[in-house]
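Undergrad: One structure, as structure tokens, below. Some questions next.
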Amino acid sequence: MIHITLPDGSVKEFQQNVTPMDVAKSISEGFARNVISASFNGTTIETATPLTTDGSLVLYTWNNDEGKKAFWHSSAHVMAQAIEELYPGVKLTIGPAIENGFYYDVDFGDHSISDKDFKAIEDKMIEISRGKHDFKMRSVSKAEALSIYKGNEFKTELIENLEDGTITFCDHATFTDLCRGGHIPNTDIIKAAKILSVAGAYWRGDEKNKQLTRVYAISFPKQKDLTEYLNFLEEAKKRDHRKLGKELELFTFSKKVGQGLPLWLPKGAALRERLENFLKKAQKKAGYEMVVTPHIGQKELYITSGHYAKYGADSFQPIRTPKEDEEFLLKPMNCPHHCEIYNSSQWSYKDLPKRYAEFGTVYRYEQSGELHGLTRVRGFTQDDAHLFCTPDQLDKEFKDVIDLVLYVFGSLGFENFTAQVSVRDPENPDKYIGDVKNWEKAEQAIINAATDKGLNFVIVEGEAAFYGPKLDFMVKDALGRRWQLGTIQVDYNLPERFDLTYKGSDNELHRPVMIHRAPFGSMERFVALLLEHTGGNFPIWLMPKQVVILSLSEKYEKYSEKVLNLLENDEIRALVDNRNETIGKKIREAEMQKYPFMLIIGEQEQEQNKITVRKHGGEDLGMISIEAFSKIIETEISKTLKQF
């Protein structure tokens, strides 16, 4: 007999070789019908895998992330089979599950594929799925695996890097694939599939290798789920920040300037400035001091910090000056510069904490295939700050930064978020710098602060920065997508590497602790997320223009200008549209520009010294006085812009 521990802590006794599906059936037949994957002692297994020892078992359904991963990984096998049958002679490479769906990289050889071919692949996938073929794992010797994939150089390369005795294949129907495992019980669970797109992808992400075709797809256990997802995609297209950024004239890109280097247009620059001023005001209240650092630094600076060793090979290459052996780097991080600002003076414990803040632009070389609008760029501005404090001050300072992040979220409508404590991967110590004891202190400090502040958080191994653990905020946007937004890090290592000190009450020199923080993360990525979350309907306090005044004809231009001046006296941002166009066209264009309010000015309004107010979206507030309208704006702002 063996003892199986379930997630609720209960322990059940079973005969040896019981399968996860047998365990599920012992709970209830109804539950078992929904189980599609499992893990045993933290390792993903098949639902038909015999269990031979005591251990902890987790059973997954479609409603679990792990269940979806197994579902989509299995669907990738089905898609690969469909592609092989429709396009004889293709060479398959790899096909993993991703956050939403899966892909398979394929060498199509002489075949070509476009969106006209998608339906045929989808139909073939469903035809295969209806066969109710079981997914079965089997071990294969290295020699046998190499013989099976004799003509496929991609699979051969993968197999050559595997140890004999660790190689497994997965079979279903007449199809076999090199695979580590993690499948649903059978193909019949897959009821709906959609090919989403195709793209070029270099084998193993290396531009020197052959370019393959990456086929992206998604699948579901119900047709209804696919319909809902396609509706979601349509809404996501409408909210795409690249589309909205162009329509709202916020930013652009230029091939001559370079890929991944955004150019901010006047409206976008005004939006950025408003965001910066919003945070600067809160930072000033919290005791931060603004600093400015250059866009480049000597290579030695980043060697000292450790950034060059970790990222130098994959970053912009050094800038050589006419002086022999003198090299500079485009700034990849602001923290080394801030360490040197701290080091420019001698400090006592009475002077701490020091809180240096900067909207600092940094540069990182991203592969061209990974660039995406404002979310993945090569030059971006971080709302960076670095706090230098005594160990006794660390807890309060960290909690105060949490309060600042929550203030930012509250004022910008991000109500749905969780926190993630990102710690070291104990299996890969070479990824990190510094003393283990300092890492333990830093990790515990973050966990304590997050607990005391009542945050809903999880601990994730392997996601720490190379110099310290961090608290990341994972925000859900209006479409339910998760974004990492805002981060706070505790660092004992850079103070050591830069020999930062302060004089303690004992008259001895001590090391400060360093906190890195960026509530926005980067201005570029934050604006992209804000655009997609709000659909371009920003909180009214943030809008570059809050009001557009629409004059019915040139007869009312003078009164329109008077209204504009009165609004500006109340610090309401407005403009007048007195073009010789119909009022219908002016309203349509104002709706497209997402102005929160439209003020219609005609004969009645002029005679009564009033305005007719229309909200974005079509709600008519009727004819009111300018003073009453100013109060409406004031109320709208106070609803969203919180007090810090």
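The values are calculated or read from the model by the stated rules, or taken from the named source; none is laboratory data. Because the structure is predicted, anything quoted here is derived from the model rather than measured. Cβ coordinates were reconstructed from backbone atoms using ideal geometry, including for glycine residues, and neighbour counts include every protein chain displayed.
Undergrad: Do you know which residues across the range 619-644 are more than 26 Å from residue 267 (Cβ to Cβ) and part of a strand (DSSP E or B)?
TA: 620, 622, 623, 624
Undergrad: Mind listing just one residue for me: the one in the range 357-376 that is of a type in the set (Val, Ile, Thr) and either at pLDDT 95 or above or assigned to a strand (DSSP E or B) (or both) and, of those, farthest from residue 208 (Cα to Cα)? Show your work before the answer.
TA: Taking the range 357-376 as the starting set, the residues that turn out to be of a type in the set (Val, Ile, Thr) are 361-362, 375.
Then keep just the ones that are either at pLDDT 95 or above or assigned to a strand (DSSP E or B) (or both); that gives 361-362.
Details: 361: 31, 362: 28 Å.
Filtering first and then ranking leaves 361.
Residues checked against (1) assigned by TED's automatic domain parsing to the domain that holds residue 193; (2) in contact (Cβ under 8 Å) with a residue 40 or more places away in the chain; (3) not hydroxyl-bearing (Ser, Thr, Tyr):
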site	(1), (2), (3)
15	no, no, yes
30	no, no, yes
44	no, yes, no
94	yes, yes, yes
97	yes, no, yes
102	yes, yes, yes
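Undergrad: For the range 105-137, enumerate the residues that are more than 27 Å from residue 200 (Cβ to Cβ) and charged (D, E, K, R).
TA: Within the range 105-137, 127, 130, 132, 134, 136 meet the criteria.
Undergrad: Give the residues of the range 589-618 that are surrounded by fewer than 18 Cβ atoms within 10 Å (Cβ to Cβ), part of a helix (DSSP H, G or I) and not hydrophobic (A, V, I, L, M, F, W, C), sorted by residue number.
TA: 589, 591, 603, 604, 607, 608
Undergrad: Check residue 131 against each of (1) assigned to a helix (DSSP H, G or I); (2) over 29 Å from the mean Cα position of the chain (by Cα); (3) within 26 Å of residue 221 (Cα to Cα) and name the one condition it does not meet.
TA: (1)
Undergrad: Okay, moving on. Being surrounded by fewer than 17 Cβ atoms within 10 Å (Cβ to Cβ) and part of a helix (DSSP H, G or I) is the requirement here; does residue 558 meet it?
TA: When the stated conditions are applied, residue 558 passes them.
One line per residue, one yes/no per condition, for (1) buried (at least 21 other Cβ atoms within 10 Å of the Cβ); (2) among the aliphatic types (A, V, I, L, M):
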residue	(1), (2)
370	no, no
389	yes, no
393	no, no
420	no, no
423	yes, yes
426	no, no
434	no, no
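Undergrad: Between residues in the range 590-610 that are free of Cβ contacts under 8 Å to residues at least 24 places away in the same chain and residues that are among the small types (Gly, Ala, Ser) and outside any helix (DSSP H, G or I), which pairs lie under 7 Å by C-beta distance while being six or more apart or on different chains?
TA: So the pair list comes out as 610/625.
Undergrad: Return a yes/no flag: does the range 50-57 have any residue that is crowded, with 18+ Cβ neighbours inside 10 Å and either at pLDDT 95 or above or within 28 Å of the chain's Cα centre (by Cα) (or both).
TA: Yes, that holds for at least one residue.
Undergrad: Quick check: is even one residue across the range 282-297 surrounded by 16 or more Cβ atoms within 10 Å (Cβ to Cβ), aromatic (Phe, Trp, Tyr), modelled with pLDDT under 95 and under 28 Å from the mean Cα position of the chain (by Cα)?
TA: no
Undergrad: Just for strands (runs of 3 or more DSSP E) wholly inside the range 171-262: which have at least 3 residues that are closer than 18 Å to residue 126 by Cβ and among the aliphatic types (A, V, I, L, M)?
TA: It comes to 192-202, 211-220.
Undergrad: On to the next question. Quick check on my filter: what residues within the range 174-187 are in contact with a helix residue (DSSP H, G or I) (Cβ under 6 Å, 6 or more places away or on another chain) and either modelled with pLDDT of 95 or more or in the same structural domain as residue 21 (by TED's automatic domain parsing) (or both)?
TA: Once the filter is applied, which keeps residues that are in contact with a helix residue (DSSP H, G or I) (Cβ under 6 Å, 6 or more places away or on another chain) and either modelled with pLDDT of 95 or more or in the same structural domain as residue 21 (by TED's automatic domain parsing) (or both), the range 174-187 yields 175, 177, 178, 183, 184, 187.
Undergrad: Identify, from the list 111, 73, the residue that is of a type outside the set (Gly, Ala, Ser), part of a helix (DSSP H, G or I) and under 20 Å from residue 217 (Cα atoms). If you could, list the steps in order and put the result at the bottom.
TA: Details: 111 fails: part of a helix (DSSP H, G or I).
Just one listed residue meets the conditions, 73.
Undergrad: A further question follows. Out of the range 331-356, which residues are modelled with pLDDT of 95 or more and among the aliphatic types (A, V, I, L, M)?
TA: Answer for the range 331-356, where residues must be modelled with pLDDT of 95 or more and among the aliphatic types (A, V, I, L, M): 341, 352.
Undergrad: Given the structure, is residue 564 in a loop (DSSP other than H, G, I, E, B), at pLDDT 95 or above and touching a strand residue (DSSP E or B) at 6+ places or on another chain (Cβ under 9 Å)?
TA: Against the criterion (in a loop (DSSP other than H, G, I, E, B), at pLDDT 95 or above and touching a strand residue (DSSP E or B) at 6+ places or on another chain (Cβ under 9 Å)), residue 564 does not qualify.
Undergrad: Here is a follow-up. Quick one: is residue 9 part of a loop (DSSP other than H, G, I, E, B) and either outside the structural domain of residue 186 (by TED's automatic domain parsing) or crowded, with 16+ Cβ neighbours inside 10 Å (or both)? Give the steps one after another, and end with the answer.
TA: Values: part of a loop (DSSP other than H, G, I, E, B): yes; either outside the structural domain of residue 186 (by TED's automatic domain parsing) or crowded, with 16+ Cβ neighbours inside 10 Å (or both): yes.
When the stated conditions are applied, residue 9 passes them.
Undergrad: Pull out all pairs, ordered by first then second residue, where Cβ-Cβ is under 8 Å, the residues are six or more apart or on different chains, the first lies in the range 246-268 and is without any contact (Cβ under 8 Å) to a residue 40 or more places away in the chain, and the second is acidic (Asp, Glu).
TA: Going by the 8 Å Cβ cut-off, the qualifying pairs are 265/249; 266/249.
Undergrad: So, one more: Would you confirm whether any residue within the range 38-46 is assigned to a helix (DSSP H, G or I) and in contact with an Asp or Glu (Cβ under 7 Å, 6 or more places away or on another chain)?
TA: Within the range 38-46, none of the residues are assigned to a helix (DSSP H, G or I) and in contact with an Asp or Glu (Cβ under 7 Å, 6 or more places away or on another chain).
Undergrad: Cβ-Cβ distance below 8 Å, separation of 6 or more or different chains: which pairs start in the range 72-92 with a residue that is under 16 Å from residue 173 (Cβ atoms) and end on one that is assigned to a helix (DSSP H, G or I) and small (Gly, Ala, Ser)?
TA: Note: pairs meeting the criteria are 78/129; 86/120; 92/80.
Undergrad: Restricted to the range 218-268, and to residues that are under 26 Å from residue 370 (Cβ atoms) and of a type in the set (Asp, Glu), which residue is nearest to the chain's Cα centre (by Cα)?
TA: 240
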